[in-house]
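Q: Below you'll find the structure I mean.
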Amino acid sequence: MVTESGPPRSSTLPVPLPAIAAGGAAVDGNKHHEVVVIGGGNAGISLAARLRRYGVRDVAVVEPSGRHLFQPLFSHIGGGTAEASEAVRPQASVMPQGVTWIQDSAVDVKPAASTVALASGSQLTYGHVVVCPGLQLDWDKVPGLAEAMDSPHGSSNYVYELASKTWALLSGLRSGTVVFTMPSGPVKCGGAAQKPMYLACDYWRQQGVLNQIRLVMVVPTPTVYGVPGVDEELNRKIAEYGIELRCNSEVTAVDAGTRTVQVLDSATGRSDSLAYDVLHAVPPQSAPDWLKATDLPAAGDHGGFVEVNAETLRHVRYPNVWSLGDAAGTKNSKAGAALRKQTSALAKNLKAVLNGGTPKAKYNGYSACPFTVSRSTVVFAEFDDQYRPMPTIPKVKVSKERHSTWILERDLFPGIYWNLILKGRA
Ligand SMILES: Cc1cc2nc3c(=O)[nH]c(=O)nc-3n(C[C@H](O)[C@H](O)[C@H](O)COP(=O)(O)OP(=O)(O)OC[C@H]3O[C@@H](n4cnc5c(N)ncnc54)[C@H](O)[C@@H]3O)c2cc1C
């Protein structure tokens with residue numbers, strides 16, 4: 001059974017252990033830290049590393065998981081172009097030198113008292129807190145979806161353990177119907193719903209069976225993605241592979257027994273039933289429930305995201321609270337690509353405030369999504385928080401299908417992530 005955050009809770013959220021200072025001794029959980037970072041994912045580790053590089057002495061990261069996952073590779077695992085082992089490393093190996101790792105889960109933040117409550121019962125106090133625990137996967141919001149993932153015919157690249165199952169299902173198929181789905185609402189890397197589909201199509205084409213497989217892509221948006229220029233490239237590939245694209249549509253229920261999904265077209269109000277042989281689903285997502293229950297989200301923000309200034313990433317009401325990454329209430333597309341810019345701005349601003357200054361660095365809303373449109377090419381979408389094109393190098397049209405962007409994304413980027421981004425150097 002999948003859980004809200006993916007793999008079984010017992011394997012990802014172990015019994016809390018004593019805090020470990022990286023390269024040092026175990027420390028008491030009831031402690032004050034100059035900066036407490038909640039979450040040691042892409043955001044938390046790269047930010048903590050940057051703060052240490054900027055000379056901040058006392059940084060603690062609260063992170064329950066003993067392993068660090070590089071999620072962009074999940075798409076490649078599900079599409080058969082990466083091994084599962086490439087996407088995981090021990091958390092201890094990525095924890096920056098001199099940072100205190102508290103292997104525990106945050107269960108509450110009281111911003112008025114500057115305290116963080118931990119699942120173990122300990123409490124931390126902080127000078128500043130950076131809240132970045134990522135998103136939770138809300139499997140239960142679609143009736144039958146969790147059961148379908150447990151069945152032999154359903155999978156999702158949004159769970160590390162299921163990514164290999166995705167490729168086993170897709171590569172084993174020689175005929176039938178495959179349904180790929182994306183939910184409405186906030187998701188991390190919205191394009192990741194489509195990536196395994198294109199990778200599999202190219203594989204089936206090589207195997208000579210593509211024309212025996214019916215492919216349906218269900219997206220809630222009026223167009224395939226929403227960025228001008230990128231939509232045209234994706235539509236070209238969709239036509240090339242013979243994919244049925246259902247826009248303005250969403251899966252409202254799944255029946256794993258009869259292998260059917262219910263699809264609601266919000267433009268027409270019509271709902272119809274679709275039989276599948278393989279289902280690849282992206283679950284609805286939101287901020288973690290415990291975060292929703294704090295005073296950190298904006299009133300009326302049902303997603304539960306931390307109410308920060310979208311440029312400085314400082315909390316609007318609590319000046320010693322900050323947030324970045326998937327849990328931040330910013331308008332950009334949630335992705336690691338956005339984080340590279342966010343980490344730089346937040347670290348500079350927090351350092352300035354610690355020195356008695358004011359935050360001057362600004363995050364510009366940039367995000368990106370590499371669409372793996374074949375097994376050797378990528379359409380690289382770069383855009384702002386209104387989905388307007390925002391190319392890093394305007395003269396090079398990376399939003400066109402290219403092999404060079406595949407090399408960048410598949411071959412070079414994992415190394416950049418482990419060796420530069422997580423070390424606060426990119
Ligand atoms: C299938 C897939 C494909 C993707 N592809 C791309 C891509 O190609 N390009 C791209 O830029 N982005 C991609 N992304 C998105 C990218 O991985 C995320 O945007 C990024 O990881 C967000 O970083 P984060 O630190 O906010 O969250 P995460 O990296 O998810 O980290 C959150 C951390 O918080 C920890 N945590 C959870 N609860 C608690 C708690 N209560 N207390 C303390 N810690 C807690 C978790 O264990 C985790 O380590 C993809 C994501 C997926 C799932």
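The values are calculated or read from the model by the stated rules, or taken from the named source; none is laboratory data. Everything numeric here is computed off the predicted structure, so don't read it as measured data. Please note: Cβ atoms are built from the backbone with ideal geometry, for glycine as well, and neighbour counts cover all protein chains shown. Ligands, DNA and RNA are excluded from the accessible area calculation, which covers all protein heavy atoms including side chains. Shrake-Rupley method; radii C 1.70, N 1.55, O 1.52, S 1.80 Å.
Q: Out of 139, 204, report the one residue that is out of contact with any Phe, Trp or Tyr (no Cβ under 8 Å at 6 or more places or on another chain) and either polar (S, T, N, Q) or over 30 Å from residue 116 (Cα atoms) (or both).
A: One residue alone meets the criteria, 204.
Q: Going by the structure shown, is residue 424 in the same structural domain as residue 93 (by TED's automatic domain parsing) and open to solvent by less than 80 Å² (accessible area, probe 1.4 Å)?
A: Spelling it out, it is not the case that residue 424 is in the same structural domain as residue 93 (by TED's automatic domain parsing) and open to solvent by less than 80 Å² (accessible area, probe 1.4 Å).
Q: Taking the stretch 187-210, which residues are over 27 Å from residue 331 (Cα atoms), crowded, with 20+ Cβ neighbours inside 10 Å and touching a helix residue (DSSP H, G or I) at 6+ places or on another chain (Cβ under 7 Å)?
A: Once the filter is applied, which keeps residues that are over 27 Å from residue 331 (Cα atoms), crowded, with 20+ Cβ neighbours inside 10 Å and touching a helix residue (DSSP H, G or I) at 6+ places or on another chain (Cβ under 7 Å), the stretch 187-210 yields 198, 200, 201, 203, 204.
Residue-by-condition table, conditions (1) in contact with a strand residue (DSSP E or B) (Cβ under 6 Å, 6 or more places away or on another chain); (2) closer than 21 Å to residue 250 by Cα; (3) in the same structural domain as residue 68 (by TED's automatic domain parsing); (4) of a type outside the set (S, T, N, Q):
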position	(1), (2), (3), (4)
115	yes, no, yes, no
122	no, no, yes, no
126	yes, no, yes, yes
131	yes, no, yes, yes
147	no, yes, no, yes
184	yes, yes, no, no
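Q: Test residue 126 against the stated conditions and say whether it is among the hydroxyl-bearing types (Ser, Thr, Tyr), within 14 Å of the ligand (Cβ to nearest atom) and over 27 Å from residue 321 (Cβ atoms).
A: For residue 126, the condition - among the hydroxyl-bearing types (Ser, Thr, Tyr), within 14 Å of the ligand (Cβ to nearest atom) and over 27 Å from residue 321 (Cβ atoms) - is not met.
Q: If I filter the stretch 68-108 down to residues being open to solvent by 40 Å² or more (accessible area, probe 1.4 Å) and of a type in the set (Ser, Thr, Tyr), which single residue comes out as farthest from the chain's Cα centre (by Cα)?
A: Checked the stretch 68-108; the qualifying residue farthest from the chain's Cα centre (by Cα) is 93.
Q: Still on this structure, please answer the following. All but one of (1) without any contact (Cβ under 8 Å) to a residue 24 or more places away in the chain; (2) touching a strand residue (DSSP E or B) at 6+ places or on another chain (Cβ under 7 Å) hold for residue 83; which doesn't?
A: (2)
Q: Among the residues of the stretch 69-123, write down those that are acidic (Asp, Glu) and touching a Ser or Thr at 6+ places or on another chain (Cβ under 8 Å).
A: The answer is 104, 108.
Q: Given 151, 184, 105, which one is over 25 Å from residue 329 (Cα atoms) and of a type in the set (S, T, N, Q)?
A: Residue meeting the stated conditions: 151.
Q: Here is a list of conditions, (1) within 21 Å of residue 106 (Cα to Cα); (2) within 10 Å of the ligand (Cβ to nearest atom); (3) crowded, with 16+ Cβ neighbours inside 10 Å, and residue 289 meets all of them except one; can you say which number that is?
A: Only one criterion in (1) within 21 Å of residue 106 (Cα to Cα); (2) within 10 Å of the ligand (Cβ to nearest atom); (3) crowded, with 16+ Cβ neighbours inside 10 Å is unmet by residue 289, namely (3).
Q: Can you tell me which residue among 188, 141 is under 22 Å from residue 72 (Cβ atoms), basic (Lys, Arg) and touching a residue at least 24 places away in the same chain (Cβ under 8 Å)?
A: Matching residue, one of 188, 141: 188.
Q: Could you grab me the full set of residues in the stretch 236-255 that are in contact (Cβ under 8 Å) with a residue 12 or more places away in the chain, out of contact with any Gly (no Cβ under 6 Å at 6 or more places or on another chain) and not basic (Lys, Arg)?
A: 238, 241, 242, 243, 244, 245, 247, 248, 249, 250, 251, 252
Q: To continue, here is another question. Output the residue which, of all residues in the stretch 147-175 that are of a type in the set (Phe, Trp, Tyr) and buried (at least 23 other Cβ atoms within 10 Å of the Cβ), is farthest from the ligand (Cβ to nearest atom).
A: 167
Q: Within the stretch 400-426, which residues are β-branched (Val, Ile, Thr) and free of Cβ contacts under 8 Å to residues at least 40 places away in the same chain?
A: Across the stretch 400-426, the qualifying residues are 405, 407, 416.
Q: Further question on the same structure: Residues of the stretch 308-335 being in a helix (DSSP H, G or I) and either open to solvent by 30 Å² or more (accessible area, probe 1.4 Å) or charged (D, E, K, R) (or both), which ones?
A: 326
Q: Scan the stretch 261-307 for residues that are within 21 Å of residue 250 (Cα to Cα), part of a loop (DSSP other than H, G, I, E, B), within 21 Å of the chain's Cα centre (by Cα) and at pLDDT 95 or above and jot them down.
A: Within the stretch 261-307, 282, 283, 284, 287 meet the criteria.
Q: Moving to a separate point now. Filter the stretch 116-146 down to residues that are open to solvent by 20 Å² or more (accessible area, probe 1.4 Å) and polar (S, T, N, Q) and give me whichever is nearest to the chain's Cα centre (by Cα).
A: In this case the residue turns out to be 120.
Q: While we're here: Of these, 350, 339, 354, 313, which one is at positive phi and of a type in the set (A, V, I, L, M)?
A: It is 313.
Q: Any idea how many residues of the stretch 54-67 are open to solvent by 30 Å² or more (accessible area, probe 1.4 Å) and away from the ligand (no atom under 13 Å from the Cβ)?
A: 4
Q: Residue check: is residue 381 in contact with a Cys (Cβ under 7 Å, 6 or more places away or on another chain), closer than 19 Å to residue 412 by Cβ and either modelled with pLDDT under 95 or not in a loop (DSSP other than H, G, I, E, B) (or both)?
A: yes
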